[in-house]
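Asker: Attaching a single structure in structure tokens format; questions to follow.
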Amino acid sequence: MLEEKVHEFTLPYAGGERKIRVYVPAHEDGETFPVVYMTDGQNVFDDESSAFGSWHTREAVRAEREKSGRAAIIVGIHNDGKPKERTDELTPKSIGKLRGPLPLRIMVKPQGEIFDDFVVNTVMPAVGEKFPVKKEREFTAFCGSSSGGLQSYFTALSHPELFCAAGVFSPAFTLFSNDDLRRFTTSCIRPRMPYLYIYSGDDGRLEKKICKSTEAACEMLATYYPKNRFCKEICRGAPHNEGAWEPIFVKFLHRFLSADQK
């Protein structure tokens with residue numbers, strides 16, 4: 001039996017390097033696992049590497065394995081820790097024109113397509129080569145929160161041939177109009193679309209705005225997205241932070257590893 005371990009390495013990204021951390025559960029030699037790719041890798045595993053708390057995904061995987069016998073590899077893709085650059089990195093330009101206050105529209109320079117390309121063409125091949133992951137679509141998921149939730153939505157819908165599920169937590173849909181989000185979504189529809197686990201809280205000014213836009217997006221999905229391929233969860237009184245997303249990830253992980261959503 002090989003012990004569980006978090007591996008750390010870097011990959012070339014946008015003229016520099018980006019840290020990647022990969023949690024591999026304890027396993028027998030030759031055993032392979034489904035995989036979840038996640039934004040904000042510094043917040044994924046432990047409190048020590050995060051300024052905002054952690055999702056404690058290792059504990060979630062251990063608990064799921066004890067409960068169902070299933071487990072997953074978790075890939076945390078770090079950002080550089082600067083809020084403005086993170087927003088740029090996790091905001092896709094092709095969804096539409098940014099909306100909101102003028103200073104915000106001037107400040108944000110969307111680069112989500114660059115990040116998307118990095119995930120699909122650099123991170124995924126490297127992880128597939130180095131670690132015991134199941135590489136098929138039905139064993140591959142993407143997950144993120146806030147701007148990362150928006151990026152998760154974009155990447156999963158842009159590559160339905162690669163991802164069978166996406167965790168879309170407190171997504172920054174507020175950056176785009178409902179019409180632009182609808183146009184982008186409908187342009188992505190294919191016969192096999194990923195299962196979307198869409199979540200929002202509603203505590204605090206930011207999360208209230210996100211909740212409103214999340215509910216509007218889910219109304220749109222109910223009309224245009226394949227039936228039974230998404231769920232909406234609104235937690236009244238939940239704030240916009242890792243402590244709120246941690247228990248939702250537990251639910252998402254269980255749903256992803258269950259056979260009925262492939």
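The values are calculated or read from the model by the stated rules, or taken from the named source; none is laboratory data. Model, not experiment: these values are computed from the prediction. Quick reminder, even Gly has a Cβ in these numbers, built from the backbone with ideal geometry, and neighbours come from all protein chains shown.
Asker: For CYS143, all conditions in the list (1) buried (at least 24 other Cβ atoms within 10 Å of the Cβ); (2) touching an Asp or Glu at 6+ places or on another chain (Cβ under 6 Å) hold save one; what is the number of the exception?
Answerer: Here CYS143 clears every test but (2).
Asker: Give region 153-179 a look and list any residue that's assigned to a loop (DSSP other than H, G, I, E, B), crowded, with 18+ Cβ neighbours inside 10 Å and either polar (S, T, N, Q) or free of Cβ contacts under 8 Å to residues at least 12 places away in the same chain (or both), or say none.
Answerer: SER170
Asker: Turning to a different aspect of this structure: List every residue pair whose Cβ atoms lie under 7 Å apart, where the two residues are 6 or more positions apart in sequence or sit on different chains, the first residue falls within region 240-259 and is acidic (Asp, Glu), and the second residue, located anywhere, is in a helix (DSSP H, G or I).
Answerer: Once the first residue is acidic (Asp, Glu) and sits in region 240-259, its partners that are in a helix (DSSP H, G or I) give GLU242/ASN43.
Asker: Check GLU59, GLU31 and return the single one that is out of contact with any Lys or Arg (no Cβ under 7 Å at 6 or more places or on another chain), surrounded by fewer than 23 Cβ atoms within 10 Å (Cβ to Cβ) and under 20 Å from GLY128 (Cα atoms).
Answerer: GLU31
Asker: I'm told GLU48 meets every condition in (1) in contact with a His (Cβ under 6 Å, 6 or more places away or on another chain); (2) surrounded by fewer than 16 Cβ atoms within 10 Å (Cβ to Cβ) except one. Can you identify the failing condition by its number?
Answerer: The single condition GLU48 does not satisfy is (1).
Asker: Within region 1-49, which residues are outside any strand (DSSP E or B), in contact with a Phe, Trp or Tyr (Cβ under 6 Å, 6 or more places away or on another chain) and either more than 28 Å from GLU89 (Cα to Cα) or of a type in the set (Val, Ile, Thr) (or both)?
Answerer: VAL44
Asker: Something else: Quick one: how many residues across region 185-230 are in a loop (DSSP other than H, G, I, E, B), farther than 20 Å from SER258 by Cβ and among the polar types (S, T, N, Q)?
Answerer: Qualifying residue count, region 185-230: 0.
Asker: On to the next question. Looking at (1) more than 26 Å from PHE52 (Cα to Cα); (2) in contact with a Lys or Arg (Cβ under 6 Å, 6 or more places away or on another chain); (3) surrounded by 19 or more Cβ atoms within 10 Å (Cβ to Cβ); (4) not aliphatic (A, V, I, L, M), find the lone condition where TYR225 falls short.
Answerer: The failed condition is (2).
Asker: Is it the case that region 180-189 has a residue that's more than 30 Å from LYS67 (Cα to Cα), surrounded by 19 or more Cβ atoms within 10 Å (Cβ to Cβ), of a type in the set (A, V, I, L, M) and at pLDDT 95 or above?
Answerer: Yes, region 180-189 has at least one match.
Asker: OK, next. Go through (1) part of a loop (DSSP other than H, G, I, E, B); (2) farther than 18 Å from SER145 by Cα; (3) in contact (Cβ under 8 Å) with a residue 24 or more places away in the chain for ARG182 and report which single condition fails.
Answerer: (1)
Asker: Turning to a different aspect of this structure: Report, by residue number, each residue of region 56-78 that is within 17 Å of the chain's Cα centre (by Cα) and touching a residue at least 60 places away in the same chain (Cβ under 8 Å).
Answerer: Across region 56-78, the qualifying residues are HIS56, THR57, ALA60, VAL61, ALA72, ILE73, HIS78.
Asker: Quick one: which of GLU246, GLU233 is of a type in the set (Asp, Glu) and in a helix (DSSP H, G or I)?
Answerer: Unique residue meeting the criteria: GLU246.
Asker: While we're looking at this one, here's another question. Within region 67-87, track down each residue that is assigned to a loop (DSSP other than H, G, I, E, B), over 17 Å from ASP116 (Cα atoms) and among the charged types (D, E, K, R).
Answerer: Answer for region 67-87, where residues must be assigned to a loop (DSSP other than H, G, I, E, B), over 17 Å from ASP116 (Cα atoms) and among the charged types (D, E, K, R): ARG70, LYS82.
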